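> Below are the structure tokens for one structure; questions will follow.
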Amino acid sequence: MTTRPRRRKPALLSVPVLFAGVALSACGTTTIDPKSGEDLIRNDVNRIGAATVKSVSCPSGQKPNDGATFNCKVTLVDKATGTTHSGTITVHVTGGGKKVEFGTADVHIQ
């Protein structure tokens, strides 16, 4: 019987807490400024310190409806290994459409 080695998750995925929220800057707008989600991701990931954000891009045209979600494309660099990982982070619109936030389960890195 042959066993295959288990694939290890990148070290940056073991970050214990990745959860933050940011208030949307313009109330009453018809769409969310993509920069709100990008700033949230960049600031929170860099604050934790296990990885740095190489690039982040959130889609435009997202409605500020409470409960809505959208995916931002990210490229992260693991500080411990220098390895680059790409994927998405799902951002949630909360607070009656006035905040964006994400948590650990929303980080999908390959």
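The values are calculated or read from the model by the stated rules, or taken from the named source; none is laboratory data. Quick caveat: nothing in here was measured; it's all calculated off a predicted structure. Ideal geometry is used to build each Cβ from the backbone, glycine not excepted, and the neighbour counts take in all protein chains shown.
> On the basis of being of a type in the set (Ser, Thr, Tyr), out of contact with any His (no Cβ under 7 Å at 6 or more places or on another chain) and at pLDDT 80 or above, does Thr88 make the cut?
no
> Determine which member of the set Thr75, Thr104 is in contact with a Pro (Cβ under 9 Å, 6 or more places away or on another chain) and hydroxyl-bearing (Ser, Thr, Tyr).
Details: Thr75 fails: in contact with a Pro (Cβ under 9 Å, 6 or more places away or on another chain).
After applying the criteria, what remains is Thr104.
> Here is a list of conditions, (1) in contact with a helix residue (DSSP H, G or I) (Cβ under 6 Å, 6 or more places away or on another chain); (2) touching a residue at least 24 places away in the same chain (Cβ under 8 Å); (3) not in a loop (DSSP other than H, G, I, E, B), and Glu101 meets all of them except one; can you say which number that is?
Checking Glu101 against (1) in contact with a helix residue (DSSP H, G or I) (Cβ under 6 Å, 6 or more places away or on another chain); (2) touching a residue at least 24 places away in the same chain (Cβ under 8 Å); (3) not in a loop (DSSP other than H, G, I, E, B), the one that fails is (1).
> Oh, and also: Go through the range 91-105 and give me each residue that's surrounded by 18 or more Cβ atoms within 10 Å (Cβ to Cβ) and over 12 Å from Gly37 (Cα atoms).
Within the range 91-105, just Gly97 meets the criteria.
> Further question on the same structure: When Lys73 is evaluated against the numbered criteria (1) surrounded by 13 or more Cβ atoms within 10 Å (Cβ to Cβ); (2) farther than 14 Å from His108 by Cβ, which criterion, by number, is the only one it fails?
Tallying (1) surrounded by 13 or more Cβ atoms within 10 Å (Cβ to Cβ); (2) farther than 14 Å from His108 by Cβ, Lys73 fails exactly one: (2).
> When Ser55 is evaluated against the numbered criteria (1) free of Cβ contacts under 8 Å to residues at least 24 places away in the same chain; (2) in contact with a Cys (Cβ under 9 Å, 6 or more places away or on another chain), which criterion, by number, is the only one it fails?
(2)
> Name the one entry in Thr83, Thr88 that is in contact (Cβ under 8 Å) with a residue 24 or more places away in the chain and either out of contact with any helix residue (DSSP H, G or I) (no Cβ under 7 Å at 6 or more places or on another chain) or crowded, with 17+ Cβ neighbours inside 10 Å (or both).
Working: Thr88 fails: in contact (Cβ under 8 Å) with a residue 24 or more places away in the chain.
Within the list Thr83, Thr88, the selection yields Thr83.
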